[in-house]
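Computed from the coordinates by the stated procedures, all read-outs in this text should not be read as laboratory data. What you see is a predicted model, and the numbers here were worked out from it, not measured in a lab. Cβ sites come from the backbone with ideal geometry, for glycine too, and all protein chains shown count toward neighbours.
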Amino acid sequence: MFLTINNIKKSFGSGDSRVDVLKGINLSMERGEFCVLLGPSGSGKSTLLNIIGGIDAADEGDICIEGERMADMKEKKLTAYRRKHLGYIFQMYNLIPNLTVRENIEVGAYLSDKPLDVDELLHTLGLYDHRKKLPNQLSGGQQQRTAIGRAIVKNPDILLCDEPTGALDYQTSKDILKLIETVNQKYGNTVIMVTHNDAIKDMADRVVRLRDGMIRKDYRNEHKIPAEDLEW
Ligand SMILES: Nc1ncnc2c1ncn2[C@@H]1O[C@H](COP(=O)(O)OP(=O)(O)OP(=O)(O)O)[C@@H](O)[C@H]1O
């Protein structure tokens, strides 16, 4: 198995204010799988994503990527691993304001020893004609596409997406979902996407639903719907 998540537990605070956010999460994923993580607000989705991404540490349990336990990696190795193998896409784009679209994407490329071709990627992202613009000269959708470019130019094994369409309108959200679908199919990255939008589950290979810090549903989609045909 490519990614295994074993009995992950996490709480915040202590004493009376202690909140048990994840209460024993078990999940295994194949390479290239597109997984959507759903659940009500506060159910622990972002916390789980951050633990998978090594941004936050679990209290108990472990995560193995290709058989290697993240907990066994020393800080330096973990940082190198995160840089090389994980890509993040957030609701907030966090682009560098004084760098152009192309330069923002190149920042991601420098972190990898197997980066994708930046010009080809600019075409895939529909950003080639905008490559010389600064972030404040772009629409929200174009900024998010640039952020996706920065995350995937490294050709990461795992692409972690936290509400990537949260700040976008309907049509732009669909365009971004189509782009993530294309990236997953073209480059074979494993995608884990946290969302509030139930409709998005139909485009995923795998649907995981959290409630109160536990997995309540976990199934594979027999009949995926292309992002283009999703409606909400
Ligand atoms: N650093 C932190 N310190 C204290 N509590 C935290 C921290 N991070 C998250 N929490 C709490 O953990 C719980 C789960 O948060 P998390 O962001 O994982 O939920 P979520 O399912 O992603 O929610 P949403 O859909 O609203 O983003 C919430 O009750 C939140 O307040």
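Have a look at the DSSP beta bridges in the chain and tell me what percent are antiparallel, nearest 5.
Counting only bridges with both partners in the chain, antiparallel ones make up about 55 percent.
Show me, for the stretch 84-96, the HN-Hα J-couplings you get by feeding each phi into the Karplus relation (A = 6.51, B = -1.76, C = 1.60, θ = phi - 60°), rounded to Hz, glycine and proline as x.
Going residue by residue, I get 7, 10, 10, x, 10, 10, 10, 5, 8, 6, 6, 7, 7 Hz, with x marking Gly and Pro.
Which residues' amide hydrogens lie under 5 Å from the amide hydrogen of residue 59, considering only partners 5 or more residues apart or on another chain, with H built in the peptide plane?
Excluding prolines and chain starts, which carry no amide H, the hits are 9, 10, 11.
Evaluate the distance, in nm, between pseudo-label points positioned 7 Å from the Cα of residue 139 and of residue 26 along their respective Cα→Cβ axes.
4.7 nm
Taking a temperature of 37 °C and a viscosity of 0.692 mPa s, what whole-number D in µm²/s does Stokes-Einstein yield for the stretch 59-177 with Rh from Kirkwood over alpha carbon pairs? Mind showing how you got there, number by number?
Working: Rh = 15.1 Å.
This corresponds to a translational diffusion coefficient of 217 µm²/s.
If you stretched the chain out fully between residue 59 and residue 98, how much longer would it get, using 0.36 nm times the residue separation minus the C-alpha to C-alpha distance? Walk me through the numbers before you get to the answer.
On the way: separation 39, 0.36 × 39 = 14.04 nm, distance 3.89 nm.
Net length gain for the segment: 10.2 nm.
Quick one: plug the Kirkwood hydrodynamic radius of the stretch 116-212 (C-alpha pairs) into Stokes-Einstein at 4 °C, 1.567 mPa s, and report D in µm²/s.
D, rounded to a whole number, is 92 µm²/s.
Report the Stokes-Einstein translational diffusion coefficient (µm² s⁻¹, integer) for the stretch 1-69, Rh taken as the Kirkwood radius over Cα pairs, at 25 °C with viscosity 0.890 mPa s. Walk me through the numbers on the way to the answer.
On the way: Rh = 12.7 Å.
Estimated via Stokes-Einstein, D reaches 193 µm²/s.
Going Cα to Cα from residue 10, which lysines come in below 24 Å? Please leave out same-chain ones fewer than 8 positions away.
23, 45, 74, 76, 77, 217
Over the Cα atoms of the chain, what radius of gyration and what Dmax do you get, in Å?
Expressed in Å, the Cα Rg and Dmax of the chain come to 17.5, 55.
Name the most mobile residue of 161, 35, 64, meaning the one with the largest mean-square fluctuation, in a Gaussian network model of the chain with Cα contacts below 10 Å.
64
Return the sequence-ordered ³J(HN,Hα) values of the stretch 125-135 in whole Hz as given by the Karplus equation 6.51 cos²θ - 1.76 cosθ + 1.60 applied to θ = phi - 60°, using x for Gly and Pro.
7, x, 10, 4, 5, 9, 4, 9, 7, 8, x
Only Cα pairs within less than 10 Å get springs; with that Gaussian network setup on the chain, which residue of 205, 113, 56 has the largest fluctuation?
In the Gaussian network model the winner is 113.
Under a plain spin-label model, where a point goes 7 Å from the Cα along Cα-to-Cβ, how far apart in nm are residue 219 and residue 18?
3.6 nm
Would you please name the GluC sites (Glu not before Pro) within the stretch 60-93 that are DSSP coil residues with at most 15 other C-beta atoms within 10 Å of their C-beta? The partial results should precede the final answer.
Working: sites: 60, 66, 68, 75; in loops: 66.
When the GluC sites (Glu not before Pro) of the stretch 60-93 are filtered for loop state and at most 15 Cβ neighbours within 10 Å, 66 remain.
Using 0.36 nm per residue of separation minus the Cα-Cα distance, give me the extension gain between residue 112 and residue 80 in nm, one decimal.
10.6 nm
Just to confirm a number: summing +1 for Lys and Arg and -1 for Asp and Glu over residues other than residue 99 whose beta-carbon lies under 13 angstrom from that of residue 99, what do you get?
+3
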